[in-house]
Each structure stands twice: as structure tokens, then as C-alpha cells.
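Visitor: Please find one structure pasted underneath; my questions will follow.
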Amino acid sequence: MASTAAEKIFGRHCGRTDAKAGEIVFARPDRMLLNDITGPLSFELLKAMGVERIRCPEKIVLVGDHFAPAKDIASAEGLRSLEDFAAAQGVEHAYDVGNGGIEHTLMPELGLVRPGDLIIGGDSHTSTCGAFSAIGIGMGSADIAAAMALGELWFRVPETMVVEFTGTRRSYVTGKDFILAVLGDIGANGGNYRCMEFSGSALGSLSMDERMAVCNMTAEAGAKTCLMPADETTAAWAAEKKLGPIETIGSDPGANIAEHLRYSLADIEPLCAKPFMPDNVVPVSQVGTVKVDQVYIGNCSNGTMTDLRQAAEMFKGQRVARNVRCIVVPATQKIHRQAMREGIIDILIEAGVVISPSTCGACSGLHMGVLAGDQVAVTTTNRNYRGRMGAPSSKVYLANAWVAAASAIAGEIVHPAGVRQTEAA
Amino acid sequence: MIAQGIVRKYGDAVDTDVIIPARYLTSRNRAFLGEHCMEPVDPAFKSRIKPGDIMVAGENFGCGSSREHAVLALRGAGIGCVVANSFSRIFFRNALNQGLPIVACPDAAKFAQEGQPIRVDTARGTVEVGGKSFAAEKWPEFLNDFITQGGIVPYVRARLAEEKQRLAADNRENLR
């Protein structure tokens, strides 16, 4: 019987070969992820469940990233609860500032994601695992607590929609734009309850960093999860992480596909999502005059080496405009160090950028760059809901790192090519 | 489960950042979270809500962040049930896990007006408002059992107790 890739992966995790979309199954996840916001609530619920010892400490990953380094006493207590839980339950994979970073970038960096895995996380952007051909599902704290208590959890096997990319991209277009194009078309509920499976001849031109950017924001379409097929790029990544041989799990010909979307990359230009929804997408060239108070390059979708290199290329010999703050957040400690080695940090600081520690920070309006009333930010983050980064009247435009850096230099939202032409002139 | 209250009406895509901004997530206290519920769009929310009021909204209610605190905030503010055209999947699980009844019923959600009395019967799958009765989407049977038990905490407790009994029985069998 023809199966989708999602049906196969769910089947393997519940000991069946015939799991079908729509069925409710009990499956055993390979990893369970919690952070300093969802962890503390999960630990309280575990207590209420009467659980003293969790089933599988080796599967748990605890990352202090949202409020890290702590901004006040309450957030410090949350971060400490991760440490305490790790010590009490024997959780080896526990990270904080200094050895960690933003959870969804950190997990694959540490080799804690394998193609074919089923990963649940107390954070909606767990979908990022799809870049590595693993099923990542965002959930609340109680579900993760239940999985830690029982070793398994109920899932409704998702139906699959295919998103196919072909062709060659234009200049200054990145993975961010590919997923924004999809979001603009299908809307914030266009992927609800589904697995978004990516396919097409253009996938080979996407680095692992770009695949993470694409998969990360499938959450903004409401998708339950997503999958990129494992290919040579995936195999090279897996070899670097010493994960051993990997296999490609794809959908069979004739498998039940709910919807098939097709994109030619040549048609996509640099895009941005205007306030107050990530699906409110327009080409940067048509956004009009939008003055910018802050530029933020970082977060779990676009705080990778690829993004930092793009920013540095843009900022070389340039300056952040007067009255604009530009904050760059390398997603992990390791990325920060690599950026130093490549001279990127120096270029950014020379241009007037401030480098933040690896944290979720201002992306969700917590600390390290919160917006005041009516302030406007261009960010490489994934959400621009009302009040997301601060005051309810502040506004966030989502875009790729080229656009964000170019806008920091121009003081308003601009197409990166414009800044380059000025430079050449 | 029957929920009765006054309609508090909102639009499409009420996201969890709006339900409870992330800056309050260092707390897990329902009353505190309830004080700040819907703050970015409706600062007077808490003062208007009477315990048992029913939130009625459009498409994709609860989209965005996985924060279960959104359910705690709604409950802390006094919301007894949410009726919407549709729900985002993480919010759907979080609500049921925390014992907050939610019902997808687009016809009722469109018809209901702010301030009207509304009655939701989750077992029968009906929503009554403005003199009309609407059929709501029914939960899958598995989830219905789950909700009747009061959410995920009692469900896990019961599963663990069963497992313990079975182990004890196996041990007795082995000793014979």
C-alpha cells in the first residue's frame, strides 16, 4: 500500500506498517525538547501526575534560551528549574548560556536530530527538525509531561501536502523568501494539521541553514510538521555530525497527497511580511516608504552562519543609519565563535551593529531589544503579531538577512540591490 | 459538559501572543495570567469578563506559540469555554489537556453577537445562541473519553496506576 513519508515515520514509531493519515496512534518519540518557559510548567504537571522518575532521561533535551541570560529573578527561577530537573532526573542534554544557544538551531548542531526521527518539543518551532528529514512537532507543556511519564503519546497521523520548488533563484532571495511566498499564498491556517512535504529539483540548491529557515516557518502556516527529503546535502551534514549512515524516507508514488503546490524560484523576489500576521506578505519592492527604528537579525529561523555572512557582506564598508539600532544574535555559541573566526563580528561591530548573546530575547518581546510604542522593526524572525516584540502599537516586518541589513543601512525598508548600487556609485 | 455564559466576541486568528504576551510567562499562576489576558488588543478584558463567559471567535483561534499559559490565562480571566470557526492544533491539545472546553462551530461563531447568552453542550455537540441551535463538530471518541476524565493529568495518573497494578499482578504470578 502506498504511504506518505509522514505515515511511514509515524508507523515506525508505533510499531505498525499501515498507519494512515487521520488515525489516532500512540507513538514513542525519539527526543523531547523543553525550554525555560515551557519546562517549568511541564515539571509542575509531572508532579501533579504523581511522577517521580521520568521514563527516558536520555531522550530529553533542556535548553535555557528564552530568558537566558536571566533578565530578572522570576526568569532566573525558570532557568534554575531546568538545571534542577536535569540533576534530579539525570538528563545529560541540558544547556544554558556558554554551552548552548537557541534550541532549534542547537539541537541539530549537537547532532541530536536524525533523519527519520519523531521529535516533540514544547515550542511551536520544533518543526525546524523537518530540515533534517525528521518529524518535529510543537506541543504544550502537558503533552511533553505526559510523554516523559509514559514514554509515548497520542498523535493524529497528519495528511500530507506537497510543496514543490523548481528553477533558479534571483539575487538576494533566500529560504526565508521561499517560505514567505508559500505563507502569503496559503495563509496562516493553510497548513493546519498537515505535514508539509517539500520536493522538487531546486531543493539541492538549499543549504541546511536555508532548509531550517523554510521548515521553521511552516509553523506559521499552522502545519503540524514538515519534511525535507534527505539528499546529498543531508548526508554530508550527517557525516559531519558522525550520525552514521542515513536513509531517505519519501512518499511512495500514488500515496495520498491532499494538495500539491508548485513554485518556480525564478518568480520569487525578496519578500516581507507586514504587521500583524506572518502571512501578510508583499514584495519588498512594493512595501513603500517605511522608516525603521530597529533591525534584528537572529532567532530560530534565521540566526545561522548563512544569515550572518549575508549581513556581513551587506555591512562591509557601510554604517548602520543614524537613529537605527541594529542587533545581531548568533543563534548558538558555536555560530558566534565561527563568526568571530571569519571576521564577521568585526565587520558588524565596525558598522555599528551590537552583538547579543545567543538568546530568543527580543524576538518574543522578552528582553535585549524590546520595542517602544509605535516603533518599527525589520527582523529575520518568524512572528509579527500585535505586541510580539514589545508595545502593542509597535510594528514588525519579517524579511531575510540581506533585506534586514540593507534596511539598517538605509534607515528604511529597502531592496538590498539598492544599497549595493549606492555603494558602487 | 455544559457551559453557559455571555458571548465575548473576537475576530479571526486570535494568536497566543495576544492571549498572553510572552513577558508574563515567568508566571504559571492562573489569576496573574488572567489579569493580563488579551492585554495587547483589549486592556479592559479582565474587568469586563464575568466567570463563565464564553469567548466566540473566527478562524484559527490560538495560532502561534505553543505556550499552554494561554489556556491558563483564559481560565484565569474567567472564560468557561471557547467557540470558534476553527482552532490551531497546538491550542486545541493544550485546551483539552487543561480541561478547557472548546468547540468548533463556524455557524454559531458567525451568528453569535457580543453580549448574547450562549449555551454549549459538548456531549450532544450543540451550541444554542440567539434563539437558534447549531450542530458543532464532535470530538473524536478517544478525546471525548479523555475530556470526561478531566484532562491529561488524571488520564496519565490512571494509566500509571493501571500499569502498577498489572506489574504487581505479574509479580504475584511469577512468585507462584
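Visitor: May I ask you to verify whether B:ARG67 is touching a Leu at 6+ places or on another chain (Cβ under 9 Å), closer than 25 Å to A:SER42 by Cβ, surrounded by 21 or more Cβ atoms within 10 Å (Cβ to Cβ) and not hydrophobic (A, V, I, L, M, F, W, C)?
Guide: yes
Visitor: Within region A:243-252, does at least one residue satisfy the condition of being modelled with pLDDT under 95, surrounded by fewer than 18 Cβ atoms within 10 Å (Cβ to Cβ) and charged (D, E, K, R)?
Guide: There is at least one residue in region A:243-252 that is modelled with pLDDT under 95, surrounded by fewer than 18 Cβ atoms within 10 Å (Cβ to Cβ) and charged (D, E, K, R).
Visitor: Turning to a different aspect of this structure: Would you check if there is a residue in region A:89-105 being within 14 Å of chain B (Cβ to nearest Cβ), over 21 Å from the mean Cα position of the chain (by Cα) and either surrounded by fewer than 21 Cβ atoms within 10 Å (Cβ to Cβ) or closer than 16 Å to A:MET368 by Cβ (or both)?
Guide: Within region A:89-105, not a single residue is within 14 Å of chain B (Cβ to nearest Cβ), over 21 Å from the mean Cα position of the chain (by Cα) and either surrounded by fewer than 21 Cβ atoms within 10 Å (Cβ to Cβ) or closer than 16 Å to A:MET368 by Cβ (or both).
Visitor: Same structure again: If you take the residues of region A:26-41 that are within 22 Å of the chain's Cα centre (by Cα) and in a loop (DSSP other than H, G, I, E, B), which of them is farthest from the other protein chains (Cβ to nearest Cβ)?
Guide: Among them, the one singled out is A:ASP30.
Visitor: Right, next: Among the residues of region B:86-135, write down those that are without any contact (Cβ under 8 Å) to a residue 40 or more places away in the chain, over 28 Å from A:ALA221 (Cα atoms) and either within 14 Å of another protein chain (Cβ to nearest Cβ) or β-branched (Val, Ile, Thr) (or both).
Guide: Within region B:86-135, B:THR126 is the sole residue that qualifies.
Visitor: So is A:LYS20 assigned to a loop (DSSP other than H, G, I, E, B) and touching a His at 6+ places or on another chain (Cβ under 6 Å) or not?
Guide: No: the conditions fail for A:LYS20.
Visitor: Here's a check for you: in region A:380-402, which residue that is aliphatic (A, V, I, L, M), assigned to a loop (DSSP other than H, G, I, E, B) and touching a helix residue (DSSP H, G or I) at 6+ places or on another chain (Cβ under 9 Å) is farthest from A:PRO416 (Cα to Cα)?
Guide: Only one residue tops the list, namely A:MET389.
Visitor: Sort out which residues of region A:42-60 are touching a helix residue (DSSP H, G or I) at 6+ places or on another chain (Cβ under 6 Å) and either of a type in the set (A, V, I, L, M, F, W, C) or assigned to a loop (DSSP other than H, G, I, E, B) (or both), and write them in order of number.
Guide: The answer is A:PHE43, A:LEU45, A:LEU46, A:ALA48, A:MET49, A:GLY50, A:VAL51, A:ILE54.
Visitor: Quick check on region A:42-60: of everything there that is touching a Gly at 6+ places or on another chain (Cβ under 8 Å) and in contact (Cβ under 8 Å) with a residue 60 or more places away in the chain, which residue is nearest to the other protein chains (Cβ to nearest Cβ)?
Guide: Step one: filter region A:42-60 for residues touching a Gly at 6+ places or on another chain (Cβ under 8 Å), giving A:42, A:55-57.
Imposing the further condition that a residue be in contact (Cβ under 8 Å) with a residue 60 or more places away in the chain reduces the set to A:42, A:55-56.
Numbers: A:SER42: 9, A:ARG55: 10, A:CYS56: 15 Å.
Checking each candidate, the answer is A:SER42.
Visitor: Does B:ALA13 meet the test of being of a type in the set (A, V, I, L, M, F, W, C), crowded, with 17+ Cβ neighbours inside 10 Å, farther than 14 Å from B:GLU114 by Cα and away from chain A (no Cβ under 13 Å)? Spell out the reasoning first.
Guide: Numbers: of a type in the set (A, V, I, L, M, F, W, C): yes; crowded, with 17+ Cβ neighbours inside 10 Å: yes; farther than 14 Å from B:GLU114 by Cα: yes; away from chain A (no Cβ under 13 Å): no.
No; evaluated as a whole, the condition is false for this residue.
Visitor: Evaluate the following for A:LEU265: is it surrounded by 16 or more Cβ atoms within 10 Å (Cβ to Cβ) and under 20 Å from A:ALA417 (Cβ atoms)?
Guide: Considered against the rule, which asks whether it is surrounded by 16 or more Cβ atoms within 10 Å (Cβ to Cβ) and under 20 Å from A:ALA417 (Cβ atoms), A:LEU265 comes out as yes.
Visitor: Can you name every residue in region B:70-85 that is over 18 Å from A:GLY121 (Cα atoms), small (Gly, Ala, Ser) and buried (at least 24 other Cβ atoms within 10 Å of the Cβ)?
Guide: Once the filter is applied, which keeps residues that are over 18 Å from A:GLY121 (Cα atoms), small (Gly, Ala, Ser) and buried (at least 24 other Cβ atoms within 10 Å of the Cβ), region B:70-85 yields B:ALA73, B:ALA77, B:ALA84.
Visitor: Can you go through A:SER407, A:SER394 and tell me which one is within 12 Å of chain B (Cβ to nearest Cβ) and touching a strand residue (DSSP E or B) at 6+ places or on another chain (Cβ under 8 Å)?
Guide: A:SER394
Visitor: If you check every pair at least six apart or on different chains, which have Cβ atoms under 9 Å apart with a residue in region B:1-30 that is at pLDDT below 95 first and a residue that is of a type in the set (A, V, I, L, M, F, W, C) and part of a helix (DSSP H, G or I) second?
Guide: Close Cβ pairs satisfying both conditions: B:MET1/B:ILE147.
Visitor: Return the pairs, sorted by first residue and then second, in which the second residue is surrounded by 10 or more Cβ atoms within 10 Å (Cβ to Cβ) and charged (D, E, K, R), the first residue lies in region B:147-176 and is within 14 Å of chain A (Cβ to nearest Cβ) and under 30 Å from A:LEU41 (Cβ atoms), the beta carbons are less than 6 Å apart, and the residues are 6+ apart or on different chains.
Guide: Cβ pairs passing all conditions: none.
Visitor: Would you tally the residues in region B:31-53 being under 23 Å from A:HIS66 (Cβ atoms), within 14 Å of chain A (Cβ to nearest Cβ) and buried (at least 18 other Cβ atoms within 10 Å of the Cβ)?
Guide: So the answer is 6.
The values are calculated or read from the model by the stated rules, or taken from the named source; none is laboratory data. Keep in mind the model is a prediction, meaning the values are calculated, not measured. Using ideal geometry, Cβ is built from the backbone for each residue, glycine included, and neighbour counts are taken over all protein chains shown.
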